[in-house]
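Q: Here's a structure for you.
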Amino acid sequence: MNKQSDLAQRLKNHVYTLAGDIGARSLTNSPESLHRAAGYIEHTFQSYGLQSHREEFDVEVYTQKNRKITADSISFESVNHSSWNVVVELPDDTNSGEVVIVGAHYDSVYDCPGANDNASGVAALLEIARELKERKIGKTLRFVAFTNEEPPFFRTAQMGSFRHAQSCSANNERVVAMICLETIGFYTKELNSQKYPHPLLKLIAPSVGDFVSFISNFDSSSLLNQCLKSFRQTSAFSAKGLALPMSLKGIQSSDHANFWKFKYKAVMVTDTANYRYPHYHELEDTPDKLNYESMAEVVSGLASMVYGLCR
């Protein structure tokens, strides 16, 4: 088995464990599974010789007391859950004080297995860390598996990425780049398989969903260009990138947006999720739907790109 095939198999194993064996991962209905997923991520980092720590915080979750809906008002109860990000840090060999963050959320939307969204991103996170763990780097490289990206926490202070970005800002950390790995496992040669949040994008972007996309806001355009250049230098896989207005639908739909809130440069790497993937946020988002060979090409290119950001 060659290196790329081996990588594809490891990515597949991660996704099948997270979305198959563990399944739906959400504090709203499956907190035990969410914590099992965190444990798997911690164990995998450890098996790669990497020491992780938890960034823990409490979350108040409202659940319906009685699932049977009647004419009476529905009552809810509040339950406090412990929740945490899983963090691994590779030290800076030059003491530059600069930090590069690579992140992916490990929760799934309510009651869905979440193979592409976002076991694919977590699998990539683990394998990029594995690839770079012994490299000499000129910036601190931090890998973060975020919790609570999905509703009902989305766009609230209960998102793991909000808590982490807030902590970075409070500690005056010099985060020079944040790379968000979000739904990166589906690629197709089918005609007209690629959709867009605005009709004008159809005029400048491909109609076939066989590429990986890099998305930023205007303030992060320099990082976007740096990422694209670096990725394309080492990977033949098609990569497209755009800096777009934050008001455009879907542009803020993951953990990178919380870093924008704290004035850090951030880029989302994605297969464009619901604009391509037909099983987005559905029960059918299962591990058998992903393209692991293509995903391995993307992850290999991302590992080289991240290393370039840290030099």
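Q: Any residue in the range 92-116 that is touching a residue at least 12 places away in the same chain (Cβ under 8 Å) and under 21 Å from Thr140 (Cβ atoms) sitting within a Cβ distance under 8 Å of a residue that is surrounded by 24 or more Cβ atoms within 10 Å (Cβ to Cβ) and among the hydroxyl-bearing types (Ser, Thr, Tyr)? List the pairs, counting only those 6 or more apart or interchain.
A: Sorted first by the residue in the range 92-116, then by its partner, the pairs are Gly103/Ser161.
Q: Give the number of residues within the range 84-98 that are in a loop (DSSP other than H, G, I, E, B) and either at positive phi or crowded, with 23+ Cβ neighbours inside 10 Å (or both).
A: Within the range 84-98, residues that are in a loop (DSSP other than H, G, I, E, B) and either at positive phi or crowded, with 23+ Cβ neighbours inside 10 Å (or both) number 2.
Q: Follow-up. Please state which one of Leu248, Leu242, Leu191 is of a type outside the set (Phe, Trp, Tyr), outside any loop (DSSP other than H, G, I, E, B) and over 30 Å from Asn80 (Cβ atoms).
A: Working: Leu248 fails: outside any loop (DSSP other than H, G, I, E, B); Leu191 fails: outside any loop (DSSP other than H, G, I, E, B).
Criteria check complete, one pass: Leu242.
Q: Among the numbered criteria (1) surrounded by fewer than 16 Cβ atoms within 10 Å (Cβ to Cβ); (2) in contact with a Gly (Cβ under 6 Å, 6 or more places away or on another chain); (3) closer than 22 Å to Val99 by Cβ, which single criterion is violated by Pro197?
A: (3)
Q: Inspect the range 291-311 for any residue being touching a residue at least 60 places away in the same chain (Cβ under 8 Å), over 16 Å from His14 (Cβ atoms), out of contact with any Phe, Trp or Tyr (no Cβ under 9 Å at 6 or more places or on another chain) and in a loop (DSSP other than H, G, I, E, B) and give the result as yes or no. Full working, then the answer.
A: So in the range 291-311, the residues touching a residue at least 60 places away in the same chain (Cβ under 8 Å) come out as 291-311.
If we keep only those that are over 16 Å from His14 (Cβ atoms) too, we end up with 297, 301, 304-311.
Filter once more, so that each one left must be out of contact with any Phe, Trp or Tyr (no Cβ under 9 Å at 6 or more places or on another chain): 306-307, 309-311.
Still in the list and also in a loop (DSSP other than H, G, I, E, B): 310-311.
Checked against the condition, which is being touching a residue at least 60 places away in the same chain (Cβ under 8 Å), over 16 Å from His14 (Cβ atoms), out of contact with any Phe, Trp or Tyr (no Cβ under 9 Å at 6 or more places or on another chain) and in a loop (DSSP other than H, G, I, E, B), the range 291-311 yields at least one hit.
Q: For the range 251-266, what are the residues that are assigned to a helix (DSSP H, G or I) and buried (at least 19 other Cβ atoms within 10 Å of the Cβ)?
A: From the range 251-266, those assigned to a helix (DSSP H, G or I) are 256-261; that's our starting set.
If the condition is that a residue be assigned to a helix (DSSP H, G or I) and buried (at least 19 other Cβ atoms within 10 Å of the Cβ), then His256, Ala257, Asn258, Phe259, Trp260 are the ones that fit.
Q: When the range 76-109 is examined, which residues are found to be at pLDDT below 90 and closer than 29 Å to Glu60 by Cα? Give the steps one after another, and end with the answer.
A: So in the range 76-109, the residues at pLDDT below 90 come out as 76-81, 93-95.
Listed by number, the residues that qualify are Phe76, Glu77, Ser78, Val79, Asn80, His81.
Q: Hey, Ser220 hits all of (1) among the polar types (S, T, N, Q); (2) part of a loop (DSSP other than H, G, I, E, B); (3) buried (at least 18 other Cβ atoms within 10 Å of the Cβ) but one; which does it fall short on?
A: Condition not satisfied by Ser220: (2).
Q: Return the residues of the range 21-45 that are exposed (fewer than 15 other Cβ atoms within 10 Å of the Cβ) and closer than 30 Å to Ser235 by Cα; say none if nothing qualifies. Quick ask: steps written out before the conclusion?
A: First, pick out the residues of the range 21-45 that are exposed (fewer than 15 other Cβ atoms within 10 Å of the Cβ): 21, 29, 32, 39, 43.
The answer is His43, and nothing else.
Q: Sticking with this one: Can you give me the number of residues within the range 138-188 that are part of a loop (DSSP other than H, G, I, E, B), within 18 Å of the chain's Cα centre (by Cα) and on the phi < 0 side of the Ramachandran plot? Even if it seems obvious, please write down each step before you answer.
A: In the first step, residues of the range 138-188 are kept if they are part of a loop (DSSP other than H, G, I, E, B); the result is 138-139, 147-159, 171-173, 182-188.
Now restrict to residues that are within 18 Å of the chain's Cα centre (by Cα): 147-159, 182-187.
Next cut, on the phi < 0 side of the Ramachandran plot only: 147, 149-154, 156-159, 182, 184-187.
Qualifying residue count for the region: 16.
Q: Out of everything in the range 130-176 that is among the small types (Gly, Ala, Ser) and surrounded by fewer than 24 Cβ atoms within 10 Å (Cβ to Cβ), what residue ends up being nearest to Ser108 (Cα to Cα)?
A: Quick first cut of the range 130-176, residues among the small types (Gly, Ala, Ser) only: 138, 145, 157, 160-161, 165, 167, 169-170.
Filter once more, so that each one left must be surrounded by fewer than 24 Cβ atoms within 10 Å (Cβ to Cβ): 138, 157, 167, 169-170.
Values: Gly138: 34, Ala157: 18, Ser167: 24, Ser169: 27, Ala170: 28 Å.
Ranking the candidates gives Ala157 first.
Q: For the range 99-127, give me each residue that is part of a helix (DSSP H, G or I) and within 18 Å of His256 (Cβ to Cβ). Show your work before the answer.
A: So the first thing to find is which residues in the range 99-127 are part of a helix (DSSP H, G or I), and the list is 115-127.
Asn116, Asp117, Asn118, Ser120, Gly121, Val122, Ala124, Leu125 - these are the residues of the range 99-127 that are part of a helix (DSSP H, G or I) and within 18 Å of His256 (Cβ to Cβ).
The values are calculated or read from the model by the stated rules, or taken from the named source; none is laboratory data. Treat the numbers as computed from the prediction; the structure is a model and nothing was measured. Neighbour counts are summed over all protein chains in view; Cβ atoms, including those assigned to glycine, are modelled from backbone coordinates with ideal geometry.
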